[in-house]
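The values are calculated or read from the model by the stated rules, or taken from the named source; none is laboratory data. Computed from a predicted model, the values in this text were never measured in an experiment. Cβ sites come from the backbone with ideal geometry, for glycine too, and all protein chains shown count toward neighbours. Ligands, DNA and RNA are stripped out before the accessible areas are found, and what is left, the full protein with its side chains, is counted by its heavy atoms. Shrake-Rupley method; radii C 1.70, N 1.55, O 1.52, S 1.80 Å.
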Amino acid sequence: MQIWLDGKIYPSHAARISVMSHTLHYGTGVFEGIRSYRTEDGFSAFRLEDHIRRLFRSAEALDMQIAYEPDEVCTAVNRVLAENELLDAYVRPLVFLGEGSMALDVKAQGKRNPLHLMISAWEWPSYFGPSMSGIRAMLAKHRRVFSSPTLVQAKAAGHYLNSYSAYASAKANGYDEALLLDEDGYLAEASAANLFVVKNGVLHTPFTTSALEGITRDTIITLARTSGYTVMESRIKPEELFGGDEVFLTGTACEVMPIISIDGCAIGDGGVGPVTAQLSKRYQDIVRAMPSSLSYGDGMVPIEKAHSSVIQ
Ligand code: PMP
C-alpha cells in the first residue's frame, strides 16, 4: 500500500510516526471516509470536495490548521488512488498531532506538536448486490452525547470510542449494528451511519443535533425528494421504529443499508422494503456517474441543490 504522508508518497512500512504522537494517546485527530467507485473513465471519489470540506471543518472545530489547501488535499486523494491502482476503494485521510507536548493543552510547555496529514486507501467493494438482504440492529444503551455543539459535526477520532463500544456490544449480543439515542432519549444515529425511517411513503430522519451531517444522508435526501418522496427531519422515539414500514442506514461505507429487524422485532414484513431498494439502486447509479472533478457548490446547504446537474 502506498501512503501519502505530509506531502510525500511512501510504501506503508516506511510511513512512520512516533509512538509519542499526541493523537495516539488522546484521540485528538480528525478524519474522513470516502468511497471511490469504478466508472467508465476510471475511478471517481464520490463527493470528494464535500468530504474534504468536512475534514477542514472538523479540524477547525479542534483548532487545528491544516497546512494544505482543500484542492491540494483532493489532488492528494486522487494520487493515492492512482498510486495504489484502486477503483472500488475506501480512502482515509487523517489529520493528527505528532510528538511534542504530552499535556492535553498542546500549546503548554512551549512545545509544538506538528500537525500531520496522512492519506491511505484500500480496496473495499460496495455492499450493494443481490446478497444485500439487510441487517439486524439493536437499540444500544450507549448514548450519542457531545460535550459541545461544535464537536457534534467534527468527525473526530475520539468520538469513535463510543461508536466502537456500542458496535462491539451489538455484536456481542448477536446483532449486526447498534442504534444510539441522544441525550433526551430520541434516536440519533447508528455507530457510524445515519438513520432513516419510512412511514406511509414519508421519510423521517433524526435532526443533526446529535448526529453527523452525513454526506450520504444528504445525497439520499436529494434522491428521495427528486423521486417524489417527502423527507422530514424528525424527533423519533425508539418505539416509533417498530411502527415504521422500512428502516435503513446511510453512510459512505455502508451506502444504503436496510435494517430488517430491531431488537428481534421485524420491521415491516421483515424484508428489504421497496423505498429502500429504490433509493439504494439510485444511489448506486449516481455514485458511478459522478466525475470526481465536478464541483458540488457549497456543500450541503441547501440540500436540494446538491447534484442538480445529475439528478433529474
Ligand atoms: N454518522 C457517523 C458517526 C459516521 O461516522 C458516519 C460515517 N462518516 C456517518 C454518520 C455517515 O456519514 P457519511 O454519509 O458522510 O459517510
Consider all pairwise Cα distances in the chain and report the whole-number % of them above 32 Å. 28
Listed residues Pro206, Ala156, Gly243: farthest to the positive end of the dipole of region 135-272 (Cβ charges): Ala156
Tell me the accessible surface of Thr150 in square angstrom (1.4 angstrom probe, heavy atoms of protein chains only), to the nearest ten. 90
Principal-axis tilt of helix 160-172 within the chain, Cα atoms, nearest 10 degrees: 50
Take the alpha carbon atoms of region 174-197, find their center, do the same for region 27-90, and report the distance between the two centers in whole angstrom. 26
If you take the beta carbon distance between Ala103 and Thr75 as r and set R0 to 30 Å, what does 1/(1 + (r/R0)^6) give as a FRET efficiency, to the nearest 0.05? 0.30
With a 1.4 Å probe and all protein chains kept in place, how much accessible area does Met20 have, in Å² rounded to the nearest 10? 80
If amide H atoms are modeled at 1.01 Å from N in the peptide plane, then the residues at a separation of 5 or more from Trp124, or on another chain, having amide H under 5 Å from its own are Ala89, Tyr90
Diffing region 278-286: the Karplus 3J(HN,Hα) column from phi (6.51, -1.76, 1.60, θ = phi - 60°), in whole Hz with x for Gly and Pro, holds 5, 5, 5, 5, 5, 4, 4, 5, 6
Please list 237-247, 136-146, 213-223 highest first by mean number of surrounding beta-carbon atoms within 10 Å per residue. 213-223, 136-146, 237-247
Kirkwood Rh over alpha-carbon pairs of region 215-275, then Stokes-Einstein at 10 °C and 1.306 mPa s: what D in µm² s⁻¹, rounded to an integer? 126
Sort 65-72, 3-10 for me by packing, meaning the mean count of neighbouring Cβ atoms within 10 Å per residue, highest on top. 3-10, 65-72
Rg/Rh of region 1-150 (Cα atoms, Kirkwood Rh), to two decimals, equals 1.02
Taking amide hydrogens as modeled 1.01 Å from N in the peptide plane, which residues meet the under 5 Å criterion relative to Arg143, leaving out close sequence neighbours? none
May I ask you to give the solvent-accessible area per residue for region 135-272, in square angstrom, as obtained with a 1.4 angstrom probe? 40
Could you run the Karplus curve 6.51 cos²θ - 1.76 cosθ + 1.60 with θ = phi - 60° over region 78-88 and give me ³J(HN,Hα) per residue in whole Hz, x for Gly and Pro? 5, 5, 5, 4, 5, 4, 8, 6, 9, 10, 8
Restricting things to alpha carbons, tell me how big region 135-272 is in terms of Rg and Dmax, in Å. 13.9, 40
Amide H contacts under 5 Å for Ala178, restricted to residues at least 5 apart in sequence or on another chain and with H modeled in the peptide plane, are Met138, Ser191
Of all the accessible heavy-atom surface of the chain, with the other protein chains kept in place and a 1.4 Å probe, what percent is carbon and sulfur? 53
Using only the Cα atoms of region 99-145, what are the Rg and Dmax in Å? 21.1, 58
Could you order Tyr90, Tyr160 by accessible surface area, starting with the largest, using a probe radius of 1.4 Å? Tyr160, Tyr90
Taking the chain and dividing mean pair separation by its residue count, relative contact order in percent (alpha carbons under 8 Å, at least six apart): 18
Using alpha-carbon coordinates, inclination of helix 215-226 to the longest axis of the chain, degrees: 40
Per residue of region 178-185, in order, report the coupling 6.51 cos²θ - 1.76 cosθ + 1.60 (Karplus, θ = phi - 60°) as ³J(HN,Hα) in whole Hz, putting x for Gly and Pro. 10, 10, 9, 8, 8, 4, 8, x
For region 135-272, the charge dipole (Cβ of Lys, Arg +1; Cβ of Asp, Glu -1; about the Cα centre) points to a positive end, and the Cα of Ser234, Ala172, Met138 closest to that extreme belongs to Ala172
